[in-house]
1. Taking the residues in the stretch 66-85 that are crowded, with 17+ Cβ neighbours inside 10 Å and more than 11 Å from the chain's Cα centre (by Cα) as candidates, determine which candidate is nearest to D50 (Cα to Cα).
2. I'd like to know if the stretch 49-58 contains one or more residues that are touching a helix residue (DSSP H, G or I) at 6+ places or on another chain (Cβ under 8 Å) and touching a residue at least 40 places away in the same chain (Cβ under 8 Å).
3. Pick from the stretch 40-85 the residues that are of a type in the set (D, E, K, R) and not in a helix (DSSP H, G or I): which of them is nearest to C7 (Cα to Cα)?
4. Anything in the stretch 1-15 that is loosely packed, with under 12 Cβ neighbours inside 10 Å and among the aliphatic types (A, V, I, L, M)? List them, or say none.
5. Quick check on this structure: which one of R43, R18 is of a type in the set (K, R), surrounded by 13 or more Cβ atoms within 10 Å (Cβ to Cβ) and either touching a Gly at 6+ places or on another chain (Cβ under 6 Å) or modelled with pLDDT of 95 or more (or both)?
6. When L65 is evaluated against the numbered criteria (1) modelled with pLDDT under 95; (2) touching a Phe, Trp or Tyr at 6+ places or on another chain (Cβ under 8 Å); (3) among the aliphatic types (A, V, I, L, M), which criterion, by number, is the only one it fails?
7. Answer yes or no: is there a residue in the stretch 26-39 that is in a helix (DSSP H, G or I) and touching a residue at least 40 places away in the same chain (Cβ under 8 Å).
Amino acid sequence: MPDMQDCIDTEYGYQDKRLNTAYKTLMGKLNKAQQTTLRSDERKWITHRDSYCAPDQDGGQGQRLEANDCAVEETAKRASELEAR
């Protein structure tokens, strides 16, 4: 399990950096009103991701791995969405 978690952590770090780069790049292309909208959308997305990927509090290690993997997948999808814009 620790090796699996290390792999997930590494991939999450990569995807999170990718997301942040895409977000900053897009923010630089938008006007003030569009930036405000994107910032609000991003906050909503973070809340959604955290809720959607939350582990079952009664679950064990497997559940935590699934939750962390979910966060990686959702972050990668969001990065792709922002890159496409």
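The values are calculated or read from the model by the stated rules, or taken from the named source; none is laboratory data. Remember, predicted model here, so these are calculated numbers, not experimental data. Positions of Cβ are generated from backbone atoms using ideal geometry, with glycine treated the same way; all protein chains shown enter the neighbour counts.
1. A67
2. There is no residue in the stretch 49-58 that is touching a helix residue (DSSP H, G or I) at 6+ places or on another chain (Cβ under 8 Å) and touching a residue at least 40 places away in the same chain (Cβ under 8 Å).
3. If we filter the stretch 40-85 for residues that are of a type in the set (D, E, K, R), which is where we start, we get 41-44, 49-50, 56, 58, 64, 66, 69, 73-74, 77-78, 81, 83, 85.
Imposing the further condition that a residue be not in a helix (DSSP H, G or I) reduces the set to 56, 58, 85.
Values: D56: 21, D58: 24, R85: 29 Å.
Per the stated criteria, the residue is D56.
4. The one that is loosely packed, with under 12 Cβ neighbours inside 10 Å and among the aliphatic types (A, V, I, L, M): M1.
5. Working: R43 fails: surrounded by 13 or more Cβ atoms within 10 Å (Cβ to Cβ).
After ruling out the rest, the residue left standing is R18.
6. Result: L65 passes all but (2).
7. Residues of the stretch 26-39 that are in a helix (DSSP H, G or I), as a first pass: 26-29, 32-39.
Now drop any that are not touching a residue at least 40 places away in the same chain (Cβ under 8 Å), which leaves 26.
For the stretch 26-39, residues in a helix (DSSP H, G or I) and touching a residue at least 40 places away in the same chain (Cβ under 8 Å): present.
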